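Every number here is computed from the coordinates shown, using simple stated rules; none is lab data. Please read these numbers as outputs of a predicted model, since none were measured by experiment.
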Amino acid sequence: MDNIVILTEEAALQVKDMMKQNETEDAFLRVSVKGGGCSGLSYGMGFAHEVEEGDTELEQHGIKILVDKDSAPVLNGTKISYKQSLMGGGFTIDNPNAIASCGCGSSFKTATNAGTPEDC
């Protein structure tokens, strides 16, 4: 499962900038899924300093990535990009496993995992 998460070069550059700003250049990028959001599942991204039991370790464009064992099947094949526009920039997540998502784009469900939907 080397392609659990695919980080584009633009996204990797943005993550590197964020790590530098937060003085966490030696950290991992943890990508995860948790229950919640109007469609039932929500994405999480943050910095981690330790590998936890069951984590899958990846490295793309010089970024060390961690995915926990529960998130891996839900994220398998997910592409994380960074898009810059006149309104600013932001990460975009394209998950081939998502069968429904909410208008904000940060909540979704898969055919096998409906999560825990909440009111928006």
Nonlocal amide H pairs with Val5, under 5 Å, H built at 1.01 Å: Gly77
Interchain or long-range residues, amide H under 5 Å from Ile65's placed H: Leu29, Leu58, Glu59, Gln60
Spatially proximal lysines relative to Lys69 (Cα-Cα < 25 Å; intrachain offsets below 8 disregarded): Lys16, Lys34, Lys79, Lys109
HN-Hα J in Hz across region 13-19 - Karplus 6.51, -1.76, 1.60, θ = phi - 60°, x for Gly and Pro: 4, 5, 4, 4, 4, 5, 4
